[in-house]
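Okay, handing you the structure first.
Every number in this text was worked out from the coordinates using simple rules, so none of it is lab data. Worth saying up front: this structure is predicted, and the values here are computed from it rather than measured. Backbone-built Cβ (ideal geometry, glycine too); neighbour counts: all protein chains shown.
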Amino acid sequence: MDRGAGSGDEHPFAAHDTARLRAAQARVTRAVDELGVTFGVGEPPTDDGTLTDAAPAARWELDTVPLVLGSEQWARLDAGVTQRSRLLDALLTDLYGDRTVLRRGLVPPEVIVRHRGYRRAAHGLAIPGPHRLFFHAVDLIHDRSGEAHVLSDRTQAPSGAGYALADRSILARAVPGEFRAVGPRPVSTFVGAVRVALVEAAPPAAEDPTVVVLSPGAGSETAFDQAHLASVLGFPLVESPDLVVQDGAVWMRSLGRLRRVHVVVRRVDDDDVDPLDLRPDSRLGVVGLLDVARRGAVTVVNTVGSGVLENPALTVDLPGLTRALLGEEPILPGVPTFWAGDDAMRSHLHAHAASLVFHESTSGASVVGAELTAAETADLLARVDADPTAWAAREIPELGTSPVGPAGHRRPDVGLDSRPVGLRVFDVATRAGYVTMTGGLGQVLVTDPLTEPMTSTAALDVWVLRDRRAPGTATTMRRDDDARTVRRRETADPVSSPRVLNDLFWMGRYAERAESTARMLVAGNACLREHGVAERPTESMSTDPGEITDPGHRATAVVLAAITRVSGTAPGFAAARTRAEVVAEFRSLTVDARRPGSAAQSVAALARCARAVRDQLGQDTWAVLFRVDQVLAEAAAAPVTDEATLWATQSRVVGSMLAVAGLTAESMVRDPGWHLMDLGRRLERAAGITALAAAAVEADHPPAIAEIVLSAVLAAADSSVTHRRRYRGAPTLGAVIDLVLADPGNPRSIVFQIERLAVDLSALPGAEVTSRPLRALDALRATVRRLEPGDVDTDSGRADLRVVLDTVIGDLDRLTTAVVETHLSGPGGTQPLWGRGAGRVLS
């Protein structure tokens with residue numbers, strides 16, 4: 001399958017030595033991490049943002065060495081795959097329609113009706129356009145002679161196209177010289193074809209079709225694949241609670257209103273699509289969706305029931321069906337397969353059980369004959385004989401190999417090596433016919449490729465060479481000129497579900513919380529390094545700071561007590577008796593992701609929210625989140641005595657959160673989702689500043705101590721430079737309160753946050769002056785007007801200020817509740833994703 005197949009050219013990486021390949025692999029791996037490409041089930045979300053003990057999703061392994069296909073080789077694969085799609089499309093239409101193939105005996109009825117993918121509920125589903133099979137993926141392998149064989153078809157909800165697109169983007173940046181020298185044909189044209197095809201698939205009456213991608217959720221094994229594909233297509237990624245059936249149509253919830261949905265691209269299995277008609281305990285589908293589809297008011301792709309085409313036993317009859325339904329000879333042969341319902345084939349199963357892989361149609365289970373003992377083989381064959389029509393078996397072919405790199409063979413002392421590889425090719429049905437992605441998703445196989453699914457060590461980008469006789473040729477596709485598509489570009493407004501808006505809201509809160517916590521820690525460690533702490537081997541630091549004689553030590557104790565109070569991590573620093581224990585507390589508050597209130601916990605919660613709205617975010621955001629995660633991991637792995645790394649990590653967390661804030665401010669459209677994210681940030685910042693100010697005025701301190709404490713407050717509020725420029729002297733309580741609470745020109749002040757909150761709330765749908773959030777904001781504004789910074793130098797003034805600050809905290813809580821209940825409340829009675837059936841593996 002390498003470049004030399006049929007061309008005589010050597011592989012473009014053939015001259016690379018081990019060191020060069022490993023350096024390239026390091027760049028690829030880093031790019032994968034920065035893009036946040038993962039595969040596998042991650043940890044379930046929690047209401048308070050704390051981590052669970054579930055394993056996180058694993059990094060997507062991408063090899064730096066691509067699978068290279070010659071133009072003639074690809075032309076045969078392209079023709080073979082599209083032929084197979086046309087055949088399966090015709091067969092699927094017939095099976096849920098006239099069923100002539102069953103009446104003519106072209107396919108044994110047992111092969112169809114006994115397969116777990118057959119859905120009687122799919123009969124009568126209206127499908128606009130000429131094709132019932134919309135998305136199709138074909139898994140291919142090559143034998144030692146180089147001939148391609150079809151291993152299996154993916155027809156329910158084929159996964160991997162998003163991974164293939166990401167792989168191409170990563171490799172083009174990681175090995176630009178090799179990529180430019182080869183100049184493979186682009187894969188991006190497939191995206192345009194899919195986008196047009198989905199709009200075409202809408203019911204005819206839809207003038208401005210809305211397309212959504214229905215996902216099992218962020219806990220799905222292929223969550224990245226779903227989100228990345230939705231992102232490049234520009235369609236909303238939704239989950240079951242985001243959709244509702246009402247008045248004979250499907251609607252998407254968005255900020256208290258409903259938007260009509262015309263096309264649902266499902267990434268959930270057949271039996272999970274509609275708990276009313278299919279599996280009743282499914283939490284991944286939409287109640288009543290099939291009824292709307294039968295009425296022709298929504299198009300579900302792939303159509304429910306298409307999983308019946310994935311039956312291995314069906315491949316026995318596909319050559320004859322190709323001739324009968326298409327009048328053509330098959331271009332791509334399948335792996336030799338035998339159906340036990342035929343007596344002669346069942347005899348073959350008995351004679352060659354050790355060289356076959358058995359598949360049971362009713363359960364989908366696979367059994368590798370070579371792995372069984374004699375007794376286990378006898379038991380298996382007895383099961384086959386007892387229920388022969390439920391079983392089929394495939395031969396294990398001798399696989400050809402292709403060059404792979406470090407991620408594929410995992411041998412540190414080897415550069416290029418040869419390994420068996422598989423190839424998944426994707427195509428999509430348009431009005432003009434099926435269009436393939438030029439290339440697809442390669443996989444380095446490590447075990448028997450006939451087990452389900454194919455196991456691999458790494459993915460491969462697939463480079464298809466351009467036809468030298470016609471340079472610059474690319475996959476033919478229709479232009480994105482459908483009238484409805486053009487109108488959509490001109491008139492569509494961004495729409496997000498309450499779930500997405502809620503995650504964006506919490507993204508803003510967690511980003512600000514991580515930044516403010518890190519800023520407090522930086523201010524606290526500055527006090528510790530400059531002034532030290534009072535060592536108390538027999539007492540804790542809970543002793544009244546006033547009993548500490550050294551002013552610097554007293555000031556440090558006050559600052560550390562404020563950090564504990566604001567972060568909600570009691571007893572925190574109060575339990576520390578020595579400097580080493582104080583540093584240990586700093587370390588815990590910095591790197592312990594399982595400790596509520598720590599900077600690392602907020603960063604982890606931010607990343608989790610970001611994964612849930614991956615389709616909303618750009619690549620640069622993922623690069624920042626990866627880097628801050630690496631910084632925290634390195635600090636956690638450093639020796640506990642390494643204070644320099646610890647202090648540097650706190651500052652780097654601040655910088656990373658500023659980068660996230662900058663990216664979201666400069667790169668995201670100002671739609672309701674952005675305004676809710678900014679609302680979360682502003683609410684969190686206002687609450688943090690208020691709590692910090694309340695901690696600073698909790699007690700009256702002598703001038704020497706007050707100066708240190710107020711300097712720390714200014715540092716934590718990122719207002720030190722502004723204070724020095726305006727006041728040109730040691731900080732006083734009145735000046736600090738004026739700057740961080742009442743100065744409308746200071747982006748860190750409470751007054752500034754209130755004005756930003758007003759802008760954000762006014763930008764949301766239904767923002768009337770009498771709305772509950774705006775009334776709560778007016779109450780907060782009235783409370784803040786009571787601030788009198790000039791009077792805080794007296795005992796009564798400080799007491800009044802403490803009352804006002806406590807009121808502000810209460811007002812902020814009420815405003816937050818009003819925002820959540822008005823704009824972010826989900827539908828009543830919905831169930832969370834995490835539960836029975838939530839972790840099912842997609843095909």
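Once you put a point 7 Å from the Cα of residue 145 and another 7 Å from the Cα of residue 414, both along the Cβ direction, what distance in nm separates them?
The two pseudo-label positions are separated by 2.7 nm.
³J(HN,Hα) across the range 794-803 via Karplus (A = 6.51, B = -1.76, C = 1.60, θ = phi - 60°), whole Hz, x for Gly/Pro?
So the J values, rounded to whole Hz, are 9, 4, 5, x, 5, 5, 5, 5, 4, 5.
What is the set of long-range amide H partners of residue 125 at a cut-off below 5 Å, with H atoms built 1.01 Å from backbone N?
none
Next question. Using Cβ contacts closer than 10 Å as the measure, can you line up 499, 59 from fewest to most? Provide the component values of the computation, followed by the final result.
Numbers: 499 22, 59 14.
By the 10 Å Cβ count, ascending: 59, 499.
Does anything in the range 304-318 have its amide N under 16 Å from the 7 Å Cα→Cβ label point of residue 98, and if so which residues?
none
Got a sec? How would 631, 404, 736 order by Cβ neighbour count within 10 Å, fewest to most? Please report the intermediate quantities before stating the final value.
Numbers: 631 22, 404 28, 736 25.
Least crowded to most crowded, the residues run 631, 736, 404.
A follow-up question, please. Suppose R0 equals 35 Å. What FRET efficiency, 1/(1 + (r/R0)^6) with r the Cβ-Cβ distance, do residue 10 and residue 30 give to the nearest 0.05? All intermediate terms of the calculation are to be shown ahead of the outcome.
Working: r = 28 Å, r/R0 = 0.79.
The calculated FRET efficiency here is 0.80.
Hey, what did the chain get for relative contact order, percent, Cα under 8 Å, at least 6 apart? List each step's numbers first, then the result.
Numbers: 1566 pairs, mean separation 134.1, N = 843.
The value is 16 percent.
Rounded to the nearest 0.05, what FRET efficiency do residue 18 and residue 658 have when you use their Cβ-Cβ distance and R0 = 35 Å?
0.30
For the residue pair residue 570 and residue 246, what label-to-label distance in nm results when each label sits 7 Å from Cα along the Cα-to-beta-carbon direction?
It works out to 4.5 nm between the two label points.
A further question on this structure: Pop out the ³J(HN,Hα) list for the range 300-305 in order, Karplus 6.51 cos²θ - 1.76 cosθ + 1.60 with θ = phi - 60°, rounded to Hz; leave Gly and Pro as x.
10, 10, 5, 4, 4, x
Convert 20 °C to kelvin, take the viscosity as 1.002 mPa s, use the Kirkwood radius over C-alpha pairs of the chain as Rh, and evaluate the Stokes-Einstein diffusion coefficient in µm²/s, rounded to a whole number.
Details: Rh = 29.9 Å.
It diffuses with D of about 72 µm²/s by this estimate.
Still on this model: Can you order the peptides 512-522, 416-426 by their average number of other Cβ atoms within 10 Å per residue, highest first? Don't skip to the end; give the middle numbers.
Numbers: 512-522: 25.8, 416-426: 22.4.
Per-residue Cβ counts within 10 Å, averaged per peptide and sorted highest first, yield 512-522, 416-426.
Roughly how far apart, in whole Å, are the Cα centres of the range 288-353 and the range 702-742?
74
Please list, in order along the range 721-731, the HN-Hα scalar couplings obtained from phi with the Karplus expression 6.51 cos²θ - 1.76 cosθ + 1.60 (θ = phi - 60°), rounded to whole Hz, x for Gly and Pro.
Values per residue, Gly and Pro as x: 4, 4, 4, 5, 6, 8, 9, 6, x, 5, x Hz.
Also, I was wondering about something else. How do 315-328, 68-81 rank on mean C-beta neighbours within 10 Å, highest first? Intermediate results must be reported in sequence, preceding the final value.
Numbers: 315-328: 16.6, 68-81: 20.3.
Per-residue mean Cβ counts within 10 Å order the peptides as 68-81, 315-328.
Pop the C-beta distance of residue 126 and residue 287 into the FRET formula with R0 = 22 Å and round what comes out to the nearest 0.05. Could the numbers behind the result be given before it?
Numbers: r = 19 Å, r/R0 = 0.87.
Here the calculated transfer efficiency is 0.70.
Starting with the fewest neighbours, write out 96, 510 ranked by other beta-carbon atoms found within 10 Å of each beta-carbon.
Details: 96 23, 510 26.
By the 10 Å Cβ count, ascending, the order reads 96, 510.
In nm, to one decimal, how far is the modelled label at residue 79 from the one at residue 665, with both set 7 Å along Cα→Cβ?
Going by the 7 Å Cα→Cβ label model, 5.9 nm.
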